[in-house]
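One structure is given below, encoded as structure tokens.
Just so it is clear, none of the values below were taken in a lab; they were calculated from the coordinates. Everything numeric in this text was worked out from a predicted model, so none of it was measured. Heads up, the Cβs are rebuilt from the backbone with ideal geometry, glycines too, and the neighbour counts pull from every protein chain shown.
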Amino acid sequence: MILFYAAGASSQAPHILLREAGLNFQLEKVDLATHCWSGGDYRTINQKACVPALKLDDGDVLTECAVILQFIADQAPSYRLLPPKDTRERYHALEWLNFISTEIHKNFITSERHGGVAANFLSKTLQGQALTRLQVMPRLEYVDSRLTSSRYLAGEHFSAPDAYLYTILNWARRLGIDLAQLPALQDFFERVSERPAVQETMQIEGAPHALLEHNSE
């Protein structure tokens, strides 16, 4: 398998999960501004020109973060990265994946992302960042309230939705959202940060692009 990724983008979640699952895979970094990877035009791999994309050994390509996370989890069932199929717990875990994808992930993206800055998956202006915080805070507060009764989104065991949420929380921190005001999320973030697969992923990907010219990130 080949995971096409950009540092710090939503592709970070399947990157983490591939390592959690102990699967064999290769990484290909994509320049989202030029649509290039080491093999040429990335749009020949994914016409949507975004990451992640997961190219399977038979040449088929999966896109969309939530779908790729489900696929990875199902390749390593013994790791319990999703509950077993046809169980009520499975549907609740998929409920989290869909909520993160539609209600949190997409609310981090403002209209300025499509204003000629293709590589910028987070707002680069102070005004845009303020709008993003306004949009995402109610969703993060909801997740925080749910995490007061469990260590992870699907219970007491790390699973695919947690990799997605961790990636999103990195975005929140880059936009100046203080997780200390969301104590359950803060504890979750610190707990997940300690996982070896997460630490390896963060080291390999390195820092994402700076949001503002004066920003040292």
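Listed values, structure above:
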{"quantity": "Convex hull (Cα only) mean projected area of region 2-78, reported in nm² to one decimal", "calculated": "4.8 nm²"}
{"quantity": "Under 18 Å, Cα to Cα: Lys pairs in the chain, sequence gap 8 or more or different chains", "calculated": "4"}
{"quantity": "In region 1-68, the trypsin sites (Lys or Arg not before Pro) that fall in loop regions by DSSP, at most 12 other Cβ within 10 Å", "calculated": "Lys48"}
{"quantity": "Rule-of-thumb Rg ratio for the chain [Cα; 2.2 N^0.38 Å; N residues]", "calculated": "0.98"}
{"quantity": "Unit charges at the beta carbon, dipole of region 82-195: most positive-side option, Thr110, Leu97, Ile177", "calculated": "Thr110"}
{"quantity": "Distant-in-sequence amide H partners of Tyr152 (H built 1.01 Å from N, under 5 Å)", "calculated": "His157"}
{"quantity": "Contact order normalised by residue count of region 82-195, Cα under 8 Å, 6+ apart, percent", "calculated": "26 percent"}
{"quantity": "Relative contact order of the chain, pairs being alpha-carbon contacts under 8 Å that are 6 or more residues apart, as %", "calculated": "23 percent"}
{"quantity": "Amide proton proximity set for Ala53, modelled H, under 5 Å, gap of 5+", "calculated": "Phe4"}
{"quantity": "Estimated distance in nm for a label pair at Leu175 and Thr63, the labels positioned 7 Å out from Cα along Cα-to-Cβ", "calculated": "2.3 nm"}
{"quantity": "Fewest-first ranking of Lys124, Lys85, using other Cβ atoms within 10 Å as the exposure measure", "calculated": "Lys85, Lys124"}
